[in-house]
Amino acid sequence: MRTAANHLSHPQKEKIFQQGKKKRIIVIAGPTASGKTKLSLELAGLIGGEIVSADSCQVYRGMDVGTAKASFAERALYPHHLIDICDIDESFNVAEFYKSCQESFRHINARESVPIVVGGSGFYIHALLYGPPSGPPSVPDIRDLLDRQMRELGPDVLYERLQILDPEYAATISVRDRHKIVRALEIIALSEKKVSDFPKQDKLIEQQYDFRCWFIHYPRESLYPRIENRCEEMLRSGFLEEVKSLDQRGIRLNSAASQAIGYRQALEFLDSPQTDTDYLAFISQFKRASRQYAKRQFTWFRKEPLFRWLNVEEHSPEHIRELILQDFEQGI
């Protein structure tokens, strides 16, 4: 097995990066608590990589514990991108993610380093591979109005409005998808067209990259206890204190951030009398929401044909790294 800090020789790198060839990008996806961060750091050390986060909330400064963001020490080892690039009162969407990724890839490839995309956000990773969703760009005034209506009227009212205006698209999401409801209503307001009228993303867009995609996972009977242990570790690491600080800085005005797994449950707990019973209910809801999110991640990535699945319990860490690196070098 390889042990060098950067095992690729200069001729190997030159072959991979030669002009006219599609540059390869490693994509590591998987459910929460599957070990994506650890694996990405190991790969970065072996291959001369730079890590690009594909997490919809790691872009926000201060959302650290609850997003399992790589520590400052870990980020100091290798360059990281799309982490801590927004304040909590700023919006960030999938179109901006796609644009930021393209910019990061250009800079990383200019240094002849290897982009390693890491994350569990299926929606963001799908956009990276297939292009951002169709529709007009966001308009701050309209988005602010819809966000305010979401806070004041609640998701049920806005979801019902979407069901009336675009029942076909509404049937593909739920009342809990607040960000998607707001975006759909914004698209309808701006374009006077239904979201379902826009073409679906079902073909890879033509670009200069060759994405080598992997989904790492544990069996659910092993994964769920890991998720629950992670929730408890987050609480020991000051998660509630983090949410209190973000609350003072306006996280509730950010519909996407305030509805993120853990943050939503924590804000509801902070609004409660905060009795022992409330705290136990919060922990239970936090763990359940995290397990349900992992279940949705499995469901999403089963529909992604580019991803090869690796059961972490069936392969040693060394073998997983070897498989990914051989595929990257050979483009099998």
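What to note about this one:
- The listed residue being surrounded by fewer than 17 Cβ atoms within 10 Å (Cβ to Cβ) and either outside any helix (DSSP H, G or I) or modelled with pLDDT under 95 (or both), out of P31, P11: P11
- Evaluation of E221 against (1) assigned by TED's automatic domain parsing to the domain that holds S34; (2) free of Cβ contacts under 8 Å to residues at least 40 places away in the same chain; (3) not in a helix (DSSP H, G or I) (one fails), failing number: (3)
- Residue in region 125-144 that is in a helix (DSSP H, G or I), over 30 Å from L41 (Cβ atoms) and not charged (D, E, K, R) present: yes
- Cβ separations smaller than 6 Å between residues 6+ apart or across chains give the following pairs from region 16-27 residues that are closer than 14 Å to F105 by Cβ and at pLDDT 75 or above to residues that are crowded, with 20+ Cβ neighbours inside 10 Å and among the aliphatic types (A, V, I, L, M): I26/I116; V27/V117.
- Residue match in region 189-197 (condition: within 27 Å of Y263 (Cα to Cα) and either surrounded by fewer than 20 Cβ atoms within 10 Å (Cβ to Cβ) or free of Cβ contacts under 8 Å to residues at least 60 places away in the same chain (or both)): no
- The selection criterion, being surrounded by fewer than 19 Cβ atoms within 10 Å (Cβ to Cβ), in contact with a helix residue (DSSP H, G or I) (Cβ under 7 Å, 6 or more places away or on another chain) and of a type in the set (G, A, S), does not hold for S290.
- Within the option set I332, I324, being modelled with pLDDT under 95 and of a type in the set (V, I, T) holds for one residue only, I332.
- Leading residue by the ranking (modelled with the lowest pLDDT) among those in region 173-208 that are hydroxyl-bearing (S, T, Y) and over 20 Å from the mean Cα position of the chain (by Cα): S196
- Yes/no for S174 being more than 20 Å from M63 (Cα to Cα), surrounded by fewer than 16 Cβ atoms within 10 Å (Cβ to Cβ) and of a type in the set (S, T, N, Q): yes
The values are calculated or read from the model by the stated rules, or taken from the named source; none is laboratory data. Here the structure is a predicted model, which is why all the values come from computation and not from measurement. Neighbour counts are summed over all protein chains in view; Cβ atoms, including those assigned to glycine, are modelled from backbone coordinates with ideal geometry.
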